[in-house]
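Trainee: Questions regarding the structure given below will be posed in turn.
The values are calculated or read from the model by the stated rules, or taken from the named source; none is laboratory data. Just so it is clear, the model here is predicted, and its values are computed rather than measured. Backbone-built Cβ (ideal geometry, glycine too); neighbour counts: all protein chains shown. Ligands, DNA and RNA are stripped out before the accessible areas are found, and what is left, the full protein with its side chains, is counted by its heavy atoms. Shrake-Rupley method; radii C 1.70, N 1.55, O 1.52, S 1.80 Å.
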Amino acid sequence: QFFVFCHGLLQLSQLLVSGYLKSSISTIERRYGLSSRTSGLLASFNEVGNTLLIVFISYFGSRVHRPRFIGAGAILVSLAGFLMSLPHFITGPYEFDQSVASTFSNTTDLCQPRPWVNLSDANCTPRASRENHEVLLVMFTAQALLGIGGVPIQPFGISYIDDFASERNSPLYLGILFSVTVIGPGVAFMLGSAMLQFYVDIDKVSRAEVQLTHEDPRWVGAWWLGFLVAASLVALSAVPYFFFPREMPKEVGEVLQVDLFALLLSGFPLVLLRNLRHPVYLLVVLAQVNISAMVAGLATFMGKFLERQFSLTASFANMIIGAVNIPGAMVGIVVGGAILKRFQMSLGRCSAMCVLGMFLCLLLAFPLLFLGCPTQKVAGVTHSDSSEFGHHELECNLHCNCPEQAYNPICGSDSIEYISPCSAGCRAVNIQEGTNSVLNYTNCSCISGNGSFATPGTCSTGCSHLFLPFVVLSCLAGILASTSHTPSFMLILRSIQPEDKSFAVGIQFMLLRVLAWMPGPVLYGSAIDTTCILWEKRCDRKAACRYYDNTLFRQR
């Protein structure tokens, strides 16, 4: 029972490391200028290390000291967690464009008739571009390590428990572990929600120097803090494993042990073909591949989607996912299992239940295509008085010589958004005494009409009333879809020959990894990138996306 407790704790903290990345992905994109395609690849990269090794590890399962292997894997996972936070410590402080000169930036982005020092070129030293490569290298290495370290944890833990628990208690123990793996991602998103409320350079600059609020589009939260927390938890959970024995006395109720893996290898190709030729098995696994690819993509980018559609902070978006969507999916899984148990379903009924769950999910998810916000009007990007579309140089600010890269969005009194005070032609800024925060910008040559002033921050998309219906519908759709989780597993387990059972499940997870969890986030990220209408540029390469076409983002 102590082993089950330790294993629950370890699985939870391992999921914190991998889940936390998904919760801070939009923040990491902004901080290091990544496209969603790159960040999607990063998010799914841990599956690579995992997939390469899982077959070998499962094969050696009965021949090694399993607790020690789990402990070693956990140490690797914890190392990977610490590595993920390393980029924060090897790069300089986060720099953003601002109107008020401060200790780490003496430029200002107001309209000034004299020619500008070109900001984007000034930042483009060889060191800056090298720094970026280093960051990506460290993060991809960490993700690969995370995958490799995670390999022994689940299979060895489950087989160890199953070997030494009594027949009666084993399902209970495995049920406890399974519920922990479902709770894990929810906890990870809540951790993200808490950490992203702190400013990224909380350890490098004093709070007074930071003139950003959470709502500011330039705000970057302390994404690295969560990795330190999660990695420390994993390291703590790893300790007991080095003291568990290789074998335990079995709980009462002895049962015959078969060396499964020796059997497997002798008939490996035969069993593989037999399973893959089995129509029910193949169809159900392909159905699971489809839904898993969707879940993998959504889990990675749902937060970013909510941030962009409804102008939410990253912290709040994470809280919604961790407190509403993930618990919803858990409820669905439990309800599905309960219905199965209550009505003792045949295979035909199991598949009917899956189909019904999916169909109802589709019905509820259909309105989500329309529940969202239009793209805000951004001068020179989505909105222009003249015919020159998509170029930030408006006639009214030509005399300002704005730097191409300035990004400090402001909302004009004409409720049009401008990329920077300079692009709105604003010449003066009013600052609140004492706090150094900007109140508003005045005499702006591009803003017509009353007063021609502008306030800092983006213009709201003005459709916050659609947020609640969106959350409710997406949560219900998630509950309905996950009711088919257990019946689909039953279809697989009951349709194949009993001796192929564990092998078939292994093949199933292998296919899910290769066809769903790996490509899912990358496909979603690439689709999201196609809806970008203004890219940030760093050293002549496309970096993070500044503005998306909200309608396209939602539909794709």
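Trainee: Inspect segment 409-419 for any residue being under 23 Å from Glu307 (Cβ atoms), surrounded by fewer than 22 Cβ atoms within 10 Å (Cβ to Cβ) and at pLDDT below 85 and give the result as yes or no.
Mentor: yes
Trainee: In addition: Within segment 185-222, can you find the residues that are among the hydroxyl-bearing types (Ser, Thr, Tyr) and open to solvent by less than 30 Å² (accessible area, probe 1.4 Å)? Explain how you work it out, then say what you get.
Mentor: Within segment 185-222, the subset among the hydroxyl-bearing types (Ser, Thr, Tyr) is 193, 199, 206, 213.
Of everything in segment 185-222, those that are among the hydroxyl-bearing types (Ser, Thr, Tyr) and open to solvent by less than 30 Å² (accessible area, probe 1.4 Å) turn out to be Ser193, Tyr199.
Trainee: Please enumerate the residues belonging to segment 229-285 that are at pLDDT 90 or above and open to solvent by 50 Å² or more (accessible area, probe 1.4 Å). Give the steps one after another, and end with the answer.
Mentor: Filtering segment 229-285 for residues at pLDDT 90 or above gives 229-245, 283-285.
Val229, Ser232, Leu233, Leu236, Val239, Phe242, Phe243, Pro245, Leu283 - these are the residues of segment 229-285 that are at pLDDT 90 or above and open to solvent by 50 Å² or more (accessible area, probe 1.4 Å).
Trainee: Going by the conditions given, is Ala504 modelled with pLDDT of 80 or more and either in contact with a Phe, Trp or Tyr (Cβ under 6 Å, 6 or more places away or on another chain) or aliphatic (A, V, I, L, M) (or both)?
Mentor: Numbers: modelled with pLDDT of 80 or more: no; either in contact with a Phe, Trp or Tyr (Cβ under 6 Å, 6 or more places away or on another chain) or aliphatic (A, V, I, L, M) (or both): yes.
In short, no.
Trainee: Same structure again: Of these, Gly328, Gly303, which one is small (Gly, Ala, Ser) and within 18 Å of Met358 (Cα to Cα)?
Mentor: Values: Gly303 fails: within 18 Å of Met358 (Cα to Cα).
Testing whether each residue is small (Gly, Ala, Ser) and within 18 Å of Met358 (Cα to Cα) leaves just Gly328.
Trainee: Something else about it: For segment 182-216, what are the residues that are among the acidic types (Asp, Glu) and either under 19 Å from Phe301 (Cβ atoms) or in contact (Cβ under 8 Å) with a residue 60 or more places away in the chain (or both)? Write out each step before concluding.
Mentor: The first filter runs over segment 182-216 and keeps only residues among the acidic types (Asp, Glu), leaving 201, 203, 209, 215-216.
Asp201, Glu209, Glu215, Asp216, listed by residue number.
Trainee: Could you list, in sequence order, all residues of segment 161-195 that are within 21 Å of Gly328 (Cβ to Cβ), modelled with pLDDT under 85 and of a type in the set (Phe, Trp, Tyr)?
Mentor: Phe178
Trainee: Restricting to segment 125-152, name every residue that is part of a helix (DSSP H, G or I) and hydroxyl-bearing (Ser, Thr, Tyr). Talk me through it step by step, then tell me what you get.
Mentor: First pass over segment 125-152, keeping only residues part of a helix (DSSP H, G or I): 126-150.
Once the filter is applied, which keeps residues that are part of a helix (DSSP H, G or I) and hydroxyl-bearing (Ser, Thr, Tyr), segment 125-152 yields Ser129, Thr141.
Trainee: Scan (1) free of Cβ contacts under 8 Å to residues at least 60 places away in the same chain; (2) out of contact with any Phe, Trp or Tyr (no Cβ under 9 Å at 6 or more places or on another chain) for the single condition Gln11 breaks and write down its number.
Mentor: Result: Gln11 fails condition (1) only.
Trainee: Can you go through Thr458, Thr530 and tell me which one is open to solvent by 60 Å² or more (accessible area, probe 1.4 Å), in contact (Cβ under 8 Å) with a residue 12 or more places away in the chain and under 26 Å from the mean Cα position of the chain (by Cα)?
Mentor: Thr530
Trainee: Does at least one position in segment 482-492 carry a residue that is surrounded by fewer than 17 Cβ atoms within 10 Å (Cβ to Cβ) and not small (Gly, Ala, Ser)? Steps first, answer last, please.
Mentor: Just the residues of segment 482-492 that are surrounded by fewer than 17 Cβ atoms within 10 Å (Cβ to Cβ), to begin with: none.
No, every residue in segment 482-492 fails to be surrounded by fewer than 17 Cβ atoms within 10 Å (Cβ to Cβ) and not small (Gly, Ala, Ser).
Trainee: Of the numbered conditions (1) among the small types (Gly, Ala, Ser); (2) within 30 Å of Arg127 (Cβ to Cβ); (3) at pLDDT 90 or above, Ser482 satisfies every one except a single condition; which is it?
Mentor: Among (1) among the small types (Gly, Ala, Ser); (2) within 30 Å of Arg127 (Cβ to Cβ); (3) at pLDDT 90 or above, the lone unmet condition for Ser482 is (2).
Trainee: Exactly one of these conditions fails for Tyr199: (1) at pLDDT 95 or above; (2) aromatic (Phe, Trp, Tyr); (3) farther than 23 Å from Pro152 by Cα. Give me its number.
Mentor: (1)
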